[in-house]
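To keep things clear, I will list the structure first and then write my remarks on it.
The values are calculated or read from the model by the stated rules, or taken from the named source; none is laboratory data. What you see is a predicted model, and the numbers here were worked out from it, not measured in a lab. Ideal geometry is used to build each Cβ from the backbone, glycine not excepted, and the neighbour counts take in all protein chains shown. Just so you know, the surface numbers come from the protein's heavy atoms only, side chains and all, with ligands and any DNA or RNA stripped out. Shrake-Rupley method; radii C 1.70, N 1.55, O 1.52, S 1.80 Å.
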Amino acid sequence: MARALYIHWPFCAKKCPYCDFNSHVRASVDVQLWQTALLADMRFEAKLAGGEPLTSIFFGGGTPSLMPPELVAALLAEAKQLWGFAPDIEITLEANPSSVEASNFAALANAGINRVSLGVQSLEDESLQWLGRLHGADEALAALTTAQKHFERVSLDLIYALPNHNPELWEAQLTRALSLSTTHLSLYQLTIEPGTRFASDVRRGIFAPLNDDAAAELFTITQELTGKAGLPAYEISNHARPGEESRHNLTYWRYQDYCGIGPGAHGRRGGIATTRHKKPENFLRAVSDQGHGIAEKQALRPRDQAAEALLMGLRLIEGIDLSATSARFELNEAQLIDPRGLARNCDLGLMWRRDDTIGVTPAGLPLLDALLGEVVADSLVDA
């Protein structure tokens, strides 16, 4: 049964040019209508995946910090009634660091949020403007201070490997970020996603992405500085002090069950993959018509689940236990991995194996996609 719940709030004040998430700009939002729909969607999931107290809840988006605190409180109260909460439940909300949203932080904390993921993205005004953000660096730092007053745990998001980034610039910015007393950092290299404005800009020659070698150098700097500061990577893009890892995201990477509600939300429960309607209006219509927002539901074969478990688990520094994975999906090791590919990459220092656990080394992390193609068994990929 699922012990994690994801709630998607699809609305933003502005669509960022790099973003391919399910986010939408609307002139107005009927909060009461959305509360009714999200509660109905939640109740439907709880009937199918209830039974154990929730260990984590994550409000993602979109921009969940635009949600009225009263709506957040209502959703949390219903989740507690339906599932119950583990004593140390982690309840995270993604937030933009604008002064308007920061003014709601106290109320959001009173509603039950105990961890916030703050989308600062850059500590430089010029980069923030280029990224299409609505806040400046000083505003972001002020919001961080406010967040640290009201929430037990605060994570900071930054995007690096921008076209103008060089080692000196990134090292200075990351060093500053590490001085801000956060216990968790999500550090993402800029990727040009299909369908975004940046993808169109690259196609038209307006700018060129940073080349792979330069980006790899910045990745190395990132690992070195975060490690020295006591926030080592625990996942390819996420860094934390020991014990401060995102419990909710570990649910995904360790391929455990979770329920996802709201527009475009994905879920995994009992070998069933669920996807909600993406467009807000379609989601509302579906809930009204059928009592839930599911657009697609698929029963995953053990091979499908094993492939996903490997793809997710090898993102983690801790690696993945092949023996436990074999037992869970009733597949032998040869059906999970290509032994020659694994041995070759271990010899190259890109992967490691300790007893039944395999993982990717720091040198191999920048090459993760290529490594997965060499190590995951063809029978999983082609099945």
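Would you work out what percent of the accessible area of the chain, with all protein chains in place, is carbon or sulfur (probe 1.4 Å)?
That fraction is 50 percent.
Over the chain, what is the percentage of antiparallel beta bridges among all DSSP beta bridges, to the nearest 5?
Among the beta bridges of the chain, antiparallel pairing accounts for roughly 45 percent.
Given 0.36 nm per residue, what is the gain on full extension from residue 202 to residue 214 after removing their alpha carbon distance, in nm? Please report the intermediate quantities before stating the final value.
Values: separation 12, 0.36 × 12 = 4.32 nm, distance 1.77 nm.
Result for the pair: 2.5 nm of gain on full extension.
Only sites in a loop by DSSP and with at most 12 other Cβ atoms within 10 Å count here; which chymotrypsin sites (Phe, Trp or Tyr not before Pro) in segment 12-108 make the cut?
Sites meeting the loop and neighbour criteria: none at all.
How much length is gained on full extension from residue 241 to residue 181, taking 0.36 nm per residue of separation minus their Cα-Cα distance?
Full extension from residue 241 to residue 181 adds 20.5 nm.
For segment 274-323, give the magnitude of the charge dipole about the Cα centre (Cβ charges: +1 Lys/Arg, -1 Asp/Glu; no others), in debye to the nearest 20. Spell out each step's value before the answer.
Values: 8 positive and 7 negative charges, 45 e Å.
It works out to roughly 220 debye.
Under 20 Å from the 7 Å Cα→Cβ point of residue 299, by amide nitrogen: which residues of segment 250-266?
Zone members listed by number: 257-258.
Quick check: from the Cα gyration tensor, does segment 1-56 come out rounded (a/c under 1.5), prolate or oblate?
oblate
Cα centroid distance between segment 209-261 and segment 50-118, in Å?
Centre-to-centre distance over Cα atoms comes out at 22 Å.
Could you give the DSSP H helices of the chain that reach 18 angstrom or more along their long axis (alpha carbon positions) and whose average Kyte-Doolittle hydropathy is no lower than -0.5?
Span-like helices, by this rule, are 31-49, 69-82, 137-150, 212-228.
Would you please put 297-307, 7-17 in order of how densely packed they are, using the mean number of other Cβ atoms within 10 angstrom per residue and starting with the highest?
Ranked from most to least packed, the peptides come out as 7-17, 297-307.
Can you tell me how segment 185-288 classifies by the Cα gyration tensor, rounded, prolate or oblate, using a/c under 1.5 as the rounded cut?
Working: a/c = 3.17, a/b = 1.23, b/c = 2.57.
Oblate is the answer for segment 185-288, as a/c is 1.5 or above yet b/c matches or exceeds a/b.
With every protein chain left in place, what is the accessible area per residue of the chain in square angstrom, probe 1.4 Å? Intermediate results must be reported in sequence, preceding the final value.
Values: 17080 Å² over 383 residues.
Normalised by residue count, the accessible surface of the chain is 45 Å².
Straight-line reach from residue 15: which lysines have Cα under 17 Å away, leaving out those fewer than 8 places along the same chain?
Straight-distance partners of residue 15: 278, 279.
Identify unpaired cysteines across the chain, taking unpaired to mean no other cysteine Cβ lies under 4.7 Å from the residue's Cβ.
Within the chain, the cysteines lacking a partner Cβ under 4.7 Å are 12, 259, 346.
Name the long-range amide H neighbours of residue 54: under 5 Å, sequence gap of 5 or more, or other chain; modelled H, no Pro or chain starts.
84, 85, 86
How about segment 125-208: which trypsin sites (Lys or Arg not before Pro) there lie in a loop by DSSP and see at most 11 other Cβ atoms within 10 Å? Spell out each step's value before the answer.
Numbers: sites: 133, 149, 153, 176, 197, 203, 204; in loops: 133, 204.
Passing sites in segment 125-208 are 204.
For residue 253, tell me the accessible area in Å² from a 1.4 Å probe, rounded to the nearest 10.
20 Å²
Which whole-number percent gives the relative contact order of the chain, counting Cα pairs below 8 Å spaced six or more residues apart?
Value for the chain: 15 percent.
Normalised by the number of residues in segment 168-259, what is the relative contact order in percent for Cα pairs under 8 Å and 6+ residues apart?
Answer for segment 168-259 is 33 percent.
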